[in-house]
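Student: Please read through the structure below; I'll follow up with questions.
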Amino acid sequence: MKKDLGYKTSQKEMLLDFLVKNKEKHTNVQEISTYLRSEGTPVGTATIYRQLDRLVDSGIVRKFVIDGKTGACYQYVENEKECREHFHLKCLICGKLIHLSCAQLIGINRHIAEHHGFIVDPLQTVFYGKCAECSASESETEE
């Protein structure tokens, strides 16, 4: 059940607008805060966290906690069910998040479940590396 997002405010609308515009990557509270400040709408981090929690509860934003050392990342989700059915690739250079539907990985996922009794959650599974664009850019600078 989706939770009510509460009153509409310009701050909340700007925060959601930023998330929608950056839906291809994970973003964090610091990036959101910097964006809001640059737009002339400074918002405290506690308020940003509170708004993000509401958006997560409503199901339109996903929260990723990668490890206990770094802060959470957030991503706007257009279709939550669709996102649950594939893996993610995250570029360490530009931060782009790529949604990967791959029969090979689905097969590995099934193998792990059938032969090792472990269910892998694609929602929490992110492979890190370099995207094609960043790899190409690095190759060009090396030449």
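Student: Just give me the residues in the stretch 86-101 being touching a residue at least 24 places away in the same chain (Cβ under 8 Å) and either of a type in the set (Gly, Ala, Ser) or within 17 Å of Leu19 (Cβ to Cβ) (or both), in sequence order.
Tutor: His88, Lys90, Gly95, Lys96, Leu97
Student: Check off (1) charged (D, E, K, R); (2) assigned to a helix (DSSP H, G or I); (3) at pLDDT below 90 for Glu78 and give me the number that stays unchecked.
Tutor: The one condition Glu78 does not meet is (2).
Student: Just give me the residues in the stretch 85-109 being in contact with a strand residue (DSSP E or B) (Cβ under 6 Å, 6 or more places away or on another chain), open to solvent by less than 60 Å² (accessible area, probe 1.4 Å) and outside any strand (DSSP E or B), in sequence order.
Tutor: Those that are in contact with a strand residue (DSSP E or B) (Cβ under 6 Å, 6 or more places away or on another chain), open to solvent by less than 60 Å² (accessible area, probe 1.4 Å) and outside any strand (DSSP E or B): His86, Gly95, Leu105.
Student: How many residues are in contact (Cβ under 8 Å) with a residue 12 or more places away in the chain and in a loop (DSSP other than H, G, I, E, B) when one looks only at the stretch 130-143?
Tutor: 2
Student: Separate question: Out of all the residues in the stretch 110-129, which are of a type outside the set (A, V, I, L, M, F, W, C) and either in a helix (DSSP H, G or I) or at pLDDT 95 or above (or both)?
Tutor: Correct list: Arg110, His111, Glu114, His115, His116, Gly117, Pro122, Gln124.
The values are calculated or read from the model by the stated rules, or taken from the named source; none is laboratory data. Small disclaimer: the values here were computed from a predicted structure and weren't measured. Don't worry about glycine lacking a Cβ; one is built from the backbone with ideal geometry, like all the others, and counts go over all protein chains shown. For accessibility, only protein heavy atoms count, side chains too; no ligands or nucleic acids. Shrake-Rupley method; radii C 1.70, N 1.55, O 1.52, S 1.80 Å.
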